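Peer 1: Before anything else, here's the structure in question.
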Amino acid sequence: MLSYETFMLVRDMVRARPLEPITLKGIAHPVVPYAVEGSTDEARKAAPVISEHDTGLDLFIDTGAIDASAAERVRRTLENVVAELKLRSTAKQN
């Protein structure tokens, strides 16, 4: 298991996936642990994983695990997110 911060330091060396956030004593916010799944040599053979995490953003897409019907659902979800972000950006400009 790795913390997000540690994963960011070694993301070129290991393939890992985020797990459900956990609460740790002494830390005010939930922490997302990462389960190491293999080395980058193994990761290069696997389908790409899109992983982005920041304040207000927790995105993990394993393209190799998504079938055609799930791909359509993911695409619609991402389009909805983009549309919402555009609306908020436009509202802030006005």
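Since every read-out is calculated from the coordinates, none of them should be taken as a lab result. Please read all numbers here as calculations on a predicted model, not as lab measurements. When we count neighbours, we look across all protein chains shown, and the Cβ atoms used for this are built from the backbone with ideal geometry, even at glycine.
Peer 1: Using DSSP to define loop residues, name the trypsin sites (Lys or Arg not before Pro) in the chain whose beta-carbon has at most 12 other beta-carbon atoms within 10 Å. Can you show the working numbers first?
Peer 2: Details: sites: R11, R15, K25, R44, K45, R73, R75, R76, K86, R88, K92; in loops: R11, K25.
When the trypsin sites (Lys or Arg not before Pro) of the chain are filtered for loop state and at most 12 Cβ neighbours within 10 Å, K25 remain.
Peer 1: Follow-up question, since we're still on this one. Grab the beta carbon distance between T23 and D54, set R0 = 25 Å, and tell me the FRET efficiency rounded to 0.05. Could you put the intermediate results ahead of the total?
Peer 2: Numbers: r = 20 Å, r/R0 = 0.79.
Efficiency for this residue pair is about 0.80.
Peer 1: Along each principal axis of its Cα atoms, how long is the chain end to end? Whole angstroms, biggest number first, please.
Peer 2: 46, 41, 20
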